[in-house]
Amino acid sequence: MTSLKVMGAQPERLNLYTYHDKPPYIESLTAKKGLYFDIVNLLNEFQPNIKYELVLLTKEQIRLDLDKDRLEGAVLGVNPAWFGDIELQKFIWSDPLFYDTDEFVSSIKTPFEYHDQTSLHGKKYGGVEGYFYPKLAEAERREKLTRVNAKSEKQLLELILQQQLDFAVVSRPTFFYFAKRNGWWTSLSLSHQAHQKYYRALLVPKSQKQKFTQLLNTTGSIGFKKYMKELVSSYHIAD
């Protein structure tokens, strides 16, 4: 089927926001390199009449704009639980784009294994500032577990290497990226039981439904899902 383009017509531009400024999701903003840029490029291939652009915002700004219903776009790579929308009522959600895992990472010299809540008692762990870790919340509330905040997961891995933490929670693809890039394979350990497995999807504010109906149809299609599966396979991400 041949598509006809009107001479001089420009595709509609729509923003896809993310706050995950970490590899491999975003490897370089200037070079537009990373998994999220690949996903945006794939969407653009499926919808030549629309030009999606990836825009980095802080998590706090995205939450504020959503709360005030002024976000002009959709949010890429998020989960309903992170936005208090388990019932899928507050926002419109795409089908899962891919499944992901947050790992317990520790030093190989003092490996940490999570078995149950008692495994956390008396430990000091690292998390990214502003992130919520559901499996650890109760132990923190009871003051059985101490949290240290860092600005990024790369900083958390560096603190583990310096043996300043008992463990940190780091996304599996990010762990693999830095372990491979910096030769940290023999210095870091993963718990056999992960912190959390979840899916990442697209969040669309209800006020933006009309603009993003085509995107939701695309991400739900068999053809798109086939290419997504191929895309994520090279990023150490479960399909």
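Details
- Flag if residue 91 is buried (at least 19 other Cβ atoms within 10 Å of the Cβ) and either more than 19 Å from residue 212 (Cβ to Cβ) or among the aromatic types (Phe, Trp, Tyr) (or both): yes
- Residue within the stretch 95-114 that is without any contact (Cβ under 8 Å) to a residue 12 or more places away in the chain and either among the β-branched types (Val, Ile, Thr) or open to solvent by 70 Å² or more (accessible area, probe 1.4 Å) (or both) present: no
- Considering only residues in the stretch 4-27 that are in contact with a helix residue (DSSP H, G or I) (Cβ under 9 Å, 6 or more places away or on another chain) and not in a loop (DSSP other than H, G, I, E, B), the one that is modelled with the lowest pLDDT turns out to be 12.
Residues are listed down the side, and each one gets a yes or a no for (1) at pLDDT 95 or above; (2) in a strand (DSSP E or B); (3) within 21 Å of residue 131 (Cα to Cα):
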{"residue": "55", "(1), (2), (3)": "yes, yes, yes"}
{"residue": "62", "(1), (2), (3)": "yes, no, yes"}
{"residue": "66", "(1), (2), (3)": "yes, no, yes"}
{"residue": "72", "(1), (2), (3)": "yes, no, no"}
{"residue": "76", "(1), (2), (3)": "yes, yes, yes"}
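- Scanning the stretch 9-26 for residues that are open to solvent by 60 Å² or more (accessible area, probe 1.4 Å) and either of a type in the set (D, E, K, R) or touching a Ser or Thr at 6+ places or on another chain (Cβ under 8 Å) (or both), we see that the one that is farthest from residue 212 (Cα to Cα) is 21.
- Candidate set: the stretch 8-62, residues that are among the β-branched types (Val, Ile, Thr) and out of contact with any Pro (no Cβ under 9 Å at 6 or more places or on another chain); chosen: the one farthest from residue 78 (Cα to Cα): 30
- Residue within the stretch 143-152 that is touching a residue at least 40 places away in the same chain (Cβ under 8 Å) and among the basic types (Lys, Arg) present: no
The values are calculated or read from the model by the stated rules, or taken from the named source; none is laboratory data. These figures come from a predicted structure and were not determined experimentally. Don't worry about glycine lacking a Cβ; one is built from the backbone with ideal geometry, like all the others, and counts go over all protein chains shown. These accessible areas exclude ligands, DNA and RNA; they are computed on the full protein's heavy atoms, side chains included. Shrake-Rupley method; radii C 1.70, N 1.55, O 1.52, S 1.80 Å.
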